[in-house]
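Report on one structure; see the data block that follows.
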Amino acid sequence: MKTLTNTPELLVLDHKPWLLSLSMIAGLLIFLAIGGNALMDGEWVFGLMFGGIGTLTWGLCFAVFAKRVQLIFDTRVGQIVKRKRSILGYAQDVYPLGALRGATLEESRSDGSTMYRPVLLMEGQENLPVVSYYTNGSGPRRTADAINEWYKAHQSPMQLDSDPRTP
């Protein structure tokens with residue numbers, strides 16, 4: 001996730017899965033082109049099956065996984081706002097900022113590889129995944145670190161930049 005705003009009062013993180021979205025659109029277009037080419041060559045069954053099933057599959061994957069996620073930690077209103085936008089619509093969830101205890105990584109192991117996703121540690125409720133999928137890149141660690149650094153600065157008392165004056 002990219003940090004858009006990082007002040008003592010406000011942390012805004014934004015995730016736009018451009019590479020994932022473009023990859024799914026490319027897959028959709030490949031299946032559509034091969035199916036369309038087969039239809040133009042008179043191979044109706046193959047063209048409809050290959051183009052239709054492939055296009056439908058990649059289209060559904062795009063609809064489900066291509067989501068913009070924005071996290072807003074706002075001390076002024078005491079809320080964490082999680083916004084999700086996809087071609088299927090818009091959703092917003094609001095959580096109390098006072099329940100936040102930091103962020104960590106949740107891991108998933110499969111076939112000898114480990115993948116991660118950042119989750120918010122919440123007091124009195126389940127941990128909240130920031131995104132719905134796991135990845136093996138450095139993004140989840142950067143996201144958790146940004147949240148934890150902001151949280152620690154928010155929790156520590158204000159530091160003076162000079163010695164107090166004595167009368």
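Bear in mind that the values in this text are calculations on the coordinates, not laboratory data. Worth saying up front: this structure is predicted, and the values here are computed from it rather than measured. Cβ atoms come from the backbone with ideal geometry, glycine included; neighbour counts cover every protein chain shown.
Based on Cα coordinates alone, diagonalise the gyration tensor for the range 52-103, multiply each eigenvalue by 5, take square roots, and list the semi-axes in whole Å, largest first. Display every interim value, and only then the final one.
Details: eigenvalues 217, 20, 8 Å².
Result for the range 52-103: semi-axes of 33, 10, 7 Å.
For the range 11-85, run through the trypsin sites (Lys or Arg not before Pro) and keep only the ones in DSSP coil with at most 16 other Cβ atoms within 10 Å of their Cβ. Mind dumping the intermediate values first?
Working: sites: LYS67, ARG68, ARG76, LYS82, ARG83, LYS84, ARG85; in loops: LYS67, ARG76.
Sparse-neighbourhood loop trypsin sites (Lys or Arg not before Pro): ARG76.
Could you give the dipole magnitude of the chain about its Cα centre, charging the beta-carbon of Lys and Arg +1 and that of Asp and Glu -1, in debye to the nearest 20? Could the numbers behind the result be given before it?
Working: 16 positive and 15 negative charges, 54 e Å.
Its charge dipole is roughly 260 debye.
Compute the Kirkwood hydrodynamic radius of the chain, taking the inverse of the mean of 1/r over all pairs of distinct Cα atoms, and give it in Å to one decimal.
18.8 Å
In whole Hz, with x marking every Gly and Pro, tabulate ³J(HN,Hα) for the range 35-40 from phi via Karplus 6.51 cos²θ - 1.76 cosθ + 1.60, θ = phi - 60°.
Taking θ as phi minus 60°, the curve returns x, x, 5, 5, 5, 5 Hz for the range 35-40.
Among the GluC sites (Glu not before Pro) in the range 85-137, which ones are in a DSSP loop with at most 13 other Cβ atoms within 10 Å of the Cβ? Mind listing them?
GLU123, GLU126
Quick one: pull the percentage of alpha-carbon pairs in the range 18-60 with a separation above 11 Å. Please report the intermediate quantities before stating the final value.
Numbers: 510 of 903 pairs.
Pairs farther apart than 11 Å: 56 percent.
Please compute the length gained on full extension between SER113 and CYS61, using 0.36 nm multiplied by the number of residues separating them and subtracting their Cα-Cα distance. Each step should come with its number before you reach the end.
Working: separation 52, 0.36 × 52 = 18.72 nm, distance 2.26 nm.
That works out to 16.5 nm of additional length.
To make sure I understand the rule: partners must be aspartates and glutamates, Cα under 16 Å from the Cα of LYS82, and not fewer than 8 residues away in the same chain. Which ones qualify?
In chain and number order, the partners are ASP14, ASP74, ASP93, GLU126.
For the chain, what is the mean residue ellipticity at 222 nm derived from helices alone (per DSSP H run of n ≥ 4: -39500 (n - 2.57); sum divided by total residues; nearest 500 deg cm²/dmol)?
Numbers: 3 runs with 62 residues, N = 167.
After summing the helix terms and dividing by residue count, I get -13000 deg cm²/dmol.
Report the calculated FRET efficiency for TYR133 and THR3 (r = Cβ-Cβ distance, R0 = 22 Å), to the nearest 0.05.
On the way: r = 20 Å, r/R0 = 0.93.
Given R0 = 22 Å and the Cβ-Cβ separation, E is 0.60.
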